[in-house]
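Participant: After the structure tokens below, expect a handful of questions from me.
The values are calculated or read from the model by the stated rules, or taken from the named source; none is laboratory data. In this text the structure is predicted, and so the values were computed from the model without any measurement. Neighbour counts run over all protein chains shown; Cβ positions are idealised from the backbone, glycine included.
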Amino acid sequence: MSEENEVLYDVKDRIATITLNRPERMNSIDDSMPINIANAMAKAGGDPAVRAIILTGAGRAFCAGADIGRLQRRSGGERPPPPPDDPTIIPAITLGHGPDLGKQFADVRRYSYFMRIGKPVIAALNGATAGLGMIMALCCDMRMASDRMIFTTAFAQRGLIAEHGIAWLLPRLIGPSNAIDLLMSARRVTAKEALDLGLVNRVYPQDTFMEDVRTYVRILTDTVSPRSMAVIKAQMWKGMFETYAENLAEADKQIVANYPYPDYKEGVAHFVEKRPANFPDLTKADRG
């Protein structure tokens, strides 16, 4: 598998689908895949024709975590430096709608930059999701699971710690008690339990999985304002660091900024006229 083909990119029905494409290795993360994922995300983030992004895996896994060869090299004492940030990626991802997330979610190497993409990023978890793959899934805005999906944090079973911010992400999704259970035990979690915990939003049958995911995502691409989604997403992630009073003040600021955009006029008009919405595509904000 060449580096160019290890991440696939496709756009259809205003949905960009990014597919991890190392099925023979259960889509495990090698040294080149993170930057290829970032480039694909930047492409989708900067394309006005794209209104939502699906991240999924080829074959029977979403992502089994770090490639075992990578782990073996590091267990032998190798300490490679992290790859340098590509300065072209973040400007392409950040479209400037809603509160600024630059301070909180700037790192392109560890998937927190997903939060800065002004479009919904949906993880379509088609199979095994472990370790670093679980980090990627948690950094997405929503997670849809196949009924055959299995989650595991994996880190403690490899003699590792809670890596890449998962000790911050997981408690905010499922609470501290559930999070410490999954992190310490590294036990396998079925799709049903993941749904009960609030770790995933929906579970669909394996046979119709991607069709069902796309049916949901079409609600986002066809019926709601792209700009509204961008601002709401930024408000939600920024809110993780704010008091209630700060979040309320930011909402007051954003509603004033929102009125001049055509989305508000169209939102009222299509409701009154009882017709399908025709919201404009999302472009970079004037303020950059």
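Participant: So which residues in region 254-276 are under 18 Å from Met229 (Cβ atoms) and basic (Lys, Arg)?
Facilitator: Lys265
Participant: Also, I was wondering about something else. Give me the pairs, please: first residue somewhere in region 277-288 and farther than 14 Å from Val231 by Cα and modelled with pLDDT of 85 or more, second residue anywhere and of a type in the set (Asp, Glu) and surrounded by 14 or more Cβ atoms within 10 Å (Cβ to Cβ), beta-carbon distance under 6 Å, and either six or more positions apart or on two chains.
Facilitator: Pairs that qualify, where the first residue is farther than 14 Å from Val231 by Cα and modelled with pLDDT of 85 or more and the partner is of a type in the set (Asp, Glu) and surrounded by 14 or more Cβ atoms within 10 Å (Cβ to Cβ), are Phe279/Asp263; Phe279/Glu266.
Participant: Right, another one. Any residue in region 212-236 that's touching a residue at least 40 places away in the same chain (Cβ under 8 Å) and surrounded by 21 or more Cβ atoms within 10 Å (Cβ to Cβ): show its pairings with residues that are part of a loop (DSSP other than H, G, I, E, B) and among the charged types (D, E, K, R) at Cβ separation under 6 Å, as long as the two are six or more apart or on different chains.
Facilitator: Note: pairs meeting the criteria are Pro226/Arg51.
Participant: Being within 26 Å of Thr19 (Cβ to Cβ), surrounded by 16 or more Cβ atoms within 10 Å (Cβ to Cβ) and touching a strand residue (DSSP E or B) at 6+ places or on another chain (Cβ under 7 Å), is that true of even one residue in region 158-167?
Facilitator: No, there is no match, as no residue in region 158-167 is within 26 Å of Thr19 (Cβ to Cβ), surrounded by 16 or more Cβ atoms within 10 Å (Cβ to Cβ) and touching a strand residue (DSSP E or B) at 6+ places or on another chain (Cβ under 7 Å).
Participant: So, in region 118-134, how many residues would count as being farther than 19 Å from Leu170 by Cβ and touching a strand residue (DSSP E or B) at 6+ places or on another chain (Cβ under 7 Å)?
Facilitator: So the count comes out to 5.
Participant: Restricting the search to region 24-53, which residues are within 19 Å of Ala64 (Cβ to Cβ) and either among the charged types (D, E, K, R) or in a strand (DSSP E or B) (or both)?
Facilitator: Taking region 24-53 and keeping what is within 19 Å of Ala64 (Cβ to Cβ), we get 24-34, 36-37.
Correct list: Glu24, Arg25, Ile29, Asp30, Asp31.
Participant: Return a yes/no flag: does region 24-33 have any residue that is aliphatic (A, V, I, L, M) and at pLDDT 95 or above.
Facilitator: Checking region 24-33: not a single residue is aliphatic (A, V, I, L, M) and at pLDDT 95 or above.
Participant: Can you pull out every residue in region 239-264 that is in a helix (DSSP H, G or I) and either in contact with a Phe, Trp or Tyr (Cβ under 9 Å, 6 or more places away or on another chain) or at positive phi (or both)? Write out each step before concluding.
Facilitator: Initially, region 239-264 is screened for residues in a helix (DSSP H, G or I), giving 239, 244-258, 262-264.
Once the filter is applied, which keeps residues that are in a helix (DSSP H, G or I) and either in contact with a Phe, Trp or Tyr (Cβ under 9 Å, 6 or more places away or on another chain) or at positive phi (or both), region 239-264 yields Asn258, Pro262, Asp263.
Participant: Taking the condition of being modelled with pLDDT of 80 or more and in a loop (DSSP other than H, G, I, E, B), how many residues in region 75-124 meet it?
Facilitator: Qualifying residue count for the region: 21.
Participant: Further, regarding this structure: Among the residues in region 215-228, are any within 25 Å of Phe155 (Cβ to Cβ), at pLDDT 95 or above, in contact with a Phe, Trp or Tyr (Cβ under 9 Å, 6 or more places away or on another chain) and hydroxyl-bearing (Ser, Thr, Tyr)? Talk me through it step by step, then tell me what you get.
Facilitator: Going residue by residue through region 215-228, those that are within 25 Å of Phe155 (Cβ to Cβ) are none.
No, region 215-228 contains no residue that is within 25 Å of Phe155 (Cβ to Cβ), at pLDDT 95 or above, in contact with a Phe, Trp or Tyr (Cβ under 9 Å, 6 or more places away or on another chain) and hydroxyl-bearing (Ser, Thr, Tyr).
Participant: A further question on this structure: Taking Asp212 and the conditions (1) more than 18 Å from Thr17 (Cα to Cα); (2) in contact with a Lys or Arg (Cβ under 9 Å, 6 or more places away or on another chain), which numbered condition does it fall short on, given that it satisfies the others?
Facilitator: (1)
Participant: Please go through (1) modelled with pLDDT under 95; (2) basic (Lys, Arg); (3) closer than 25 Å to Phe105 by Cβ for Lys265 and return the number of the only condition it doesn't satisfy.
Facilitator: Evaluating Lys265 over (1) modelled with pLDDT under 95; (2) basic (Lys, Arg); (3) closer than 25 Å to Phe105 by Cβ leaves (3) as the failure.
Participant: Only one residue in Lys284, Lys274 is surrounded by 15 or more Cβ atoms within 10 Å (Cβ to Cβ) and either touching a strand residue (DSSP E or B) at 6+ places or on another chain (Cβ under 6 Å) or assigned to a loop (DSSP other than H, G, I, E, B) (or both). Which one?
Facilitator: When all the criteria are applied, what remains is Lys284.
Participant: Please name all residue pairs, on different chains or six or more residues apart, with Cβ atoms under 8 Å, provided the first residue is in region 250-274 and is within 22 Å of Pro99 (Cα to Cα) and the second residue is basic (Lys, Arg) and at pLDDT 95 or above.
Facilitator: Note: pairs meeting the criteria are Glu250/Lys238; Asn258/Arg227; Tyr261/Arg227; Asp263/Arg227.
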